[in-house]
1. Might you check whether a residue that is without any contact (Cβ under 8 Å) to a residue 40 or more places away in the chain, assigned to a helix (DSSP H, G or I), within 15 Å of the ligand (Cβ to nearest atom) and in contact with a Leu (Cβ under 8 Å, 6 or more places away or on another chain) occurs anywhere in the range 67-82?
2. Please specify each residue of the range 181-229 satisfying the condition of being within 21 Å of M33 (Cβ to Cβ) and more than 20 Å from the chain's Cα centre (by Cα).
3. Return the residues of the range 38-67 that are small (G, A, S) and in contact with a strand residue (DSSP E or B) (Cβ under 7 Å, 6 or more places away or on another chain); say none if nothing qualifies.
4. May I ask you to list pairs of residues, at least six apart or on different chains, whose Cβ atoms are under 6 Å apart, with the first in the range 123-148 being more than 20 Å from I243 (Cβ to Cβ) and the second being of a type in the set (F, W, Y) and within 16 Å of the ligand (Cβ to nearest atom)?
5. Would you check if L13 is among the aliphatic types (A, V, I, L, M) and more than 19 Å from the chain's Cα centre (by Cα)?
6. Checking the structure you have, find out if any residue of the range 96-111 is under 21 Å from I147 (Cα atoms) and without any contact (Cβ under 8 Å) to a residue 60 or more places away in the chain.
7. Considering (1) within 16 Å of the ligand (Cβ to nearest atom); (2) assigned to a helix (DSSP H, G or I), say which one V44 fails and leave the rest.
8. On the basis of being under 30 Å from I224 (Cβ atoms) and at pLDDT 90 or above, does I152 make the cut?
Amino acid sequence: MLDVCLLGTSGMLPLPGRWLTSLMTRYNGSSLMIDCGEGTQIAVKQKGWSFNPIDVICFTHYHADHISGLPGLLLTIGNSDRKKPLTLVGPKGLGRVVSSLRVIAPELPFELKLIELTNQQEHLSICGYEIDAFRVNHAVICYGYSISIPRIGKFDVEKAKELGIPCSMWNKLQHGTAVTIDDKEYTPDMVMGAARKGLKVTYCTDSRPVQIISDNAKESDLFICEGMYGEDGKELRQRNISI
Ligand SMILES: [Zn+2]
């Protein structure tokens, strides 16, 4: 199951009970974040989710209300004893923006890996996430993201038994590794079914309605499209969804 939380949906000004833009997902012990406005740490804490498993943070663009929470968040992740590298993804200029913010968060106990987006559409595979970044239309360079989590096929127990593969070897095959028994090689495709439909979440914010959004949102299990100028009384504060 994939948990998705819109930690904040406010624009420009964090309000009591309504934080600036940030989305966080949790899946299988890993977390991913999109944008990190001022106050995001408080929203994570309110939600009761952990800082340590955040493996990837994607930025849509570099307006302050989408990124100014980063230095404090990095320090908190450091205090949570994270040692594994953390990957940051964002439009061109990511290195410059992050090193400026790092002036006030210079020492971190983990490595930061930076991926700058330069094309209209880019695909990345990071920490088990298949990420499609697509450039949308805002006053500054801005990207939307589709996050997909693929699901492998079902393990065919009967087939494995039929082939005489001992149970102790099943785990390796389920994780994509071939095994050799009595000089005969057994490959995962011999016992794994066809890949099952994974989960896909598409997120975009601050953009004019452009075709590339609907192209990328196609077949999403969840599509989140934030707009700045909505109708009064229809603001979303914090929402948790599981798919
Ligand atoms: Zn903006």
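The values are calculated or read from the model by the stated rules, or taken from the named source; none is laboratory data. Computed from a predicted model, the values in this text were never measured in an experiment. Neighbour counts run over all protein chains shown; Cβ positions are idealised from the backbone, glycine included.
1. Yes: the range 67-82 contains one or more residues that are without any contact (Cβ under 8 Å) to a residue 40 or more places away in the chain, assigned to a helix (DSSP H, G or I), within 15 Å of the ligand (Cβ to nearest atom) and in contact with a Leu (Cβ under 8 Å, 6 or more places away or on another chain).
2. Once the filter is applied, which keeps residues that are within 21 Å of M33 (Cβ to Cβ) and more than 20 Å from the chain's Cα centre (by Cα), the range 181-229 yields G227, M228.
3. Passing the criteria: G39, A43.
4. What qualifies is A133/Y143; A133/Y145; R135/Y143.
5. Criteria met by L13.
6. no
7. Going through the list (1) within 16 Å of the ligand (Cβ to nearest atom); (2) assigned to a helix (DSSP H, G or I), V44 breaks only (1).
8. Spelling it out, it is not the case that I152 is under 30 Å from I224 (Cβ atoms) and at pLDDT 90 or above.
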